[in-house]
Amino acid sequence: MADTYLDLVSSGPGGRLARQLGLPAPARLRRHRAGDPLVPGPVLVLGRGEEADRIAAALLGWDLDVRRHPDDVHRFGAVVLALTGLARPADLAEPALGLGGVLRSLAPGGRVVTVSRPAPGIGTGAASATPAAAEPLDPAVAAARQAVVGFLRSAAQEMRGGATANGVLLAEGVAPEAPSALGALRFLLSGRSAFVSGQFVTVGDDAGALPADWEAPLRGKVAAVTGAARGIGAQIARTLTGAGARVVVVDVPGAGEPLAALANEIHAVALQLDVTDAHAGERILGLARERFGHLDVVVHNAGITRDKLLANMDETRWASVLAVNLESQLRMNEQLLAGEGLGEAPRIVSLASTSGVAGNRGQTNYAASKAGVIGMVAATAPLLARRGGSINAVAPGFIETEMTARIPAARRQVARRLNSLQQGGLPEDVAEAVLFLASDAAGGVNGQTLRVCGQNLVGA
Ligand code: NAD
């Protein structure tokens, strides 16, 4: 599973050779490590207006070295473009070209984040929870707002040195200081979003709250993670535990041994259970309440692939993938939401896939299941909002796990490079996105799908 090419080009001579030959030169990504600074240098805030000043003030509140002008700064850790006040496309020129002027001074692992407002009725690619505007928007305003999306996505493809570019979209009426506006901004600036690039997080309302301790946003919460015996699920369980949650880890009886080992390692409660069981949701809820008194977070991570070209697809392959990846989640959600069993502000996070966004050859069954997850999450959002909670999906691209280790070697090498960061992500990259969406700092984010794919250029 090791990416030997990344190891090679990360060495000085290997990197120079790759550049001379015009080969991809992926950089080591800046990932979150407790104690590291939020960003690797001063933060430049570009953009005019009162809301831009308030965004700069919020960043100062995190003890960052905030600048409003590029003077004399050799290396910026991040550039934030405060664009909530755009009235015409021409208003984008100054901040966009301002970013261009400092891009060469962005530190390795640096961050670009736009903060803007959505053009209602237009999705951002993944299932967008952009609420319909009460009144039609001035076409010039809508054009300016949507221009930010194209601009940011293209800028993300031009980042170097493992830097990323993402955006926060604040729905009409949501202030830049709303909990999830700041929660999303902080996530995108931090090393926790290392493999997220070219993406937008839409903040739909003022729900949510910021944690007292950013290293322990799930303190006091109880979480359940399915498919936790290995791979991404095991890492999600570790990351949620590290963030202060007590965790129930779930996997099939056949994975009982690694599941028990993980439970020992992180002091979790293990539950051997097939998620396609007719009572899976009730059993998870029952055990969590019995052991911990409540259940606040459910992560639907269990998933399988049974790839075949459609012409060779059989009923078993089709049905098993749909049953594990989608129907189990639907049924469990019905059971979880049926009574008052879940805690206050319940959060559900489902694993989708970029295959469910863009499609993928040989994966009609898998892509159908994962696209179904994206639809389910968008439609379930209002049910969670009524309880003060949220449901979102994370769509990983190519992640280094046993699932992707099964891809034939040559195809795997190519698949890894087909994103703006030119490498596969790690399970921790997905786990960090799940943690963000499971935390109250993302309480105003609901019904969305966040891609963790290094800005995959094709379906993966
Ligand atoms: P994996 O195959 O390494 O692990 C999946 C885990 O789910 C295993 O422990 C397995 O035993 C468990 N599981 C399978 N069926 C189950 C069932 N019926 N009940 C309970 N547990 C069950 O996979 P992974 O790569 O860690 O993927 C985790 C999730 O992320 C999946 O939903 C997958 O579709 C999604 N995903 C992965 C990638 C990737 O590149 N690895 C990309 C996109 C999406």
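The values are calculated or read from the model by the stated rules, or taken from the named source; none is laboratory data. Since we're looking at a predicted model, the values are computed, not measured. Note that we place each Cβ from the backbone using ideal geometry, even for glycine, and neighbour counts take in every protein chain shown.
Overview of results
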{"quantity": "Extreme residue, nearest to the ligand (Cβ to nearest atom), among residues of region 285-296 that are buried (at least 18 other Cβ atoms within 10 Å of the Cβ) and outside any helix (DSSP H, G or I)", "calculated": "L295"}
{"quantity": "E282, sole failed condition from (1) closer than 15 Å to V324 by Cα; (2) more than 10 Å from the ligand (Cβ to nearest atom); (3) buried (at least 16 other Cβ atoms within 10 Å of the Cβ)", "calculated": "(1)"}
{"quantity": "Residue match in region 390-402 (condition: in contact with a strand residue (DSSP E or B) (Cβ under 8 Å, 6 or more places away or on another chain), touching a residue at least 40 places away in the same chain (Cβ under 8 Å), closer than 16 Å to W318 by Cα and surrounded by fewer than 24 Cβ atoms within 10 Å (Cβ to Cβ))", "calculated": "no"}
{"quantity": "Residue in region 255-272 that is within 16 Å of the ligand (Cβ to nearest atom) and under 21 Å from E334 (Cα atoms) present", "calculated": "yes"}
{"quantity": "Residue, nearest to the chain's Cα centre (by Cα), within region 427-447, restricted to residues that are surrounded by 24 or more Cβ atoms within 10 Å (Cβ to Cβ) and within 13 Å of the ligand (Cβ to nearest atom)", "calculated": "A433"}
{"quantity": "Selection within region 325-336 - surrounded by 20 or more Cβ atoms within 10 Å (Cβ to Cβ) and in contact with a Ser or Thr (Cβ under 9 Å, 6 or more places away or on another chain)", "calculated": "N325, L326, S328, Q329, M332, N333"}
{"quantity": "Residues being surrounded by fewer than 21 Cβ atoms within 10 Å (Cβ to Cβ) and either among the charged types (D, E, K, R) or under 21 Å from R230 (Cα atoms) (or both) - total across region 410-425", "calculated": "3"}
{"quantity": "Residues located in region 280-309, provided they are more than 28 Å from the chain's Cα centre (by Cα) and either β-branched (V, I, T) or under 17 Å from G372 (Cβ atoms) (or both)", "calculated": "none"}
{"quantity": "Whichever residue in region 342-377 is of a type in the set (S, T, N, Q) and in a loop (DSSP other than H, G, I, E, B) and, among such residues, is surrounded by the fewest Cβ atoms within 10 Å (Cβ to Cβ)", "calculated": "N360"}
{"quantity": "Criterion: at pLDDT 95 or above and touching a helix residue (DSSP H, G or I) at 6+ places or on another chain (Cβ under 9 Å) - qualifying residue of A207, A129, A142, A178", "calculated": "A207"}
{"quantity": "Qualifying residue in region 245-265 (condition: touching a Pro at 6+ places or on another chain (Cβ under 8 Å) and among the polar types (S, T, N, Q))", "calculated": "no"}
{"quantity": "Some residue of region 335-348 being in contact with an Asp or Glu (Cβ under 9 Å, 6 or more places away or on another chain), within 14 Å of the ligand (Cβ to nearest atom) and not β-branched (V, I, T)", "calculated": "no"}
{"quantity": "Selection count where residues are over 19 Å from A378 (Cβ atoms) and polar (S, T, N, Q), scope region 343-364", "calculated": "3"}
{"quantity": "Residues of region 192-215 satisfying the condition of being of a type outside the set (S, T, N, Q) and in a helix (DSSP H, G or I)", "calculated": "R192"}
{"quantity": "Matching residues, region 243-276, being in a loop (DSSP other than H, G, I, E, B) and surrounded by 15 or more Cβ atoms within 10 Å (Cβ to Cβ)", "calculated": "A243, G244, A245, V252, A268, L273, D274, V275, T276"}
{"quantity": "Helices (runs of 4 or more DSSP H) completely within region 1-69 that count 2 or more residues being at pLDDT below 95 and surrounded by fewer than 16 Cβ atoms within 10 Å (Cβ to Cβ)", "calculated": "4-10, 12-20"}
{"quantity": "Candidates L8, L38 - the one that is in contact with a Ser or Thr (Cβ under 7 Å, 6 or more places away or on another chain) and not small (G, A, S)", "calculated": "L38"}
{"quantity": "Residue under evaluation R230, criteria (1) within 19 Å of the chain's Cα centre (by Cα); (2) within 13 Å of the ligand (Cβ to nearest atom); (3) among the basic types (K, R), criterion not met", "calculated": "(1)"}
{"quantity": "V201, sole failed condition from (1) among the hydrophobic types (A, V, I, L, M, F, W, C); (2) within 24 Å of R386 (Cα to Cα); (3) buried (at least 24 other Cβ atoms within 10 Å of the Cβ); (4) touching an Asp or Glu at 6+ places or on another chain (Cβ under 9 Å)", "calculated": "(4)"}
{"quantity": "Selection within region 1-53 - of a type in the set (D, E) and closer than 25 Å to F76 by Cα", "calculated": "D36, E50, E51, D53"}
{"quantity": "Conditions (1) in contact (Cβ under 8 Å) with a residue 60 or more places away in the chain; (2) in a strand (DSSP E or B); number of the one not met by A234", "calculated": "(2)"}
{"quantity": "Selection from region 378-426 of residues that are in a strand (DSSP E or B) and within 12 Å of the ligand (Cβ to nearest atom)", "calculated": "A393, V394, A395, P396, I399, N419, G425"}
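Residues checked against (1) of a type in the set (G, A, S); (2) at pLDDT 95 or above:
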residue: G372; (1), (2): yes, yes
residue: V377; (1), (2): no, yes
residue: T380; (1), (2): no, yes
residue: G389; (1), (2): yes, yes
residue: F398; (1), (2): no, no
residue: E402; (1), (2): no, no
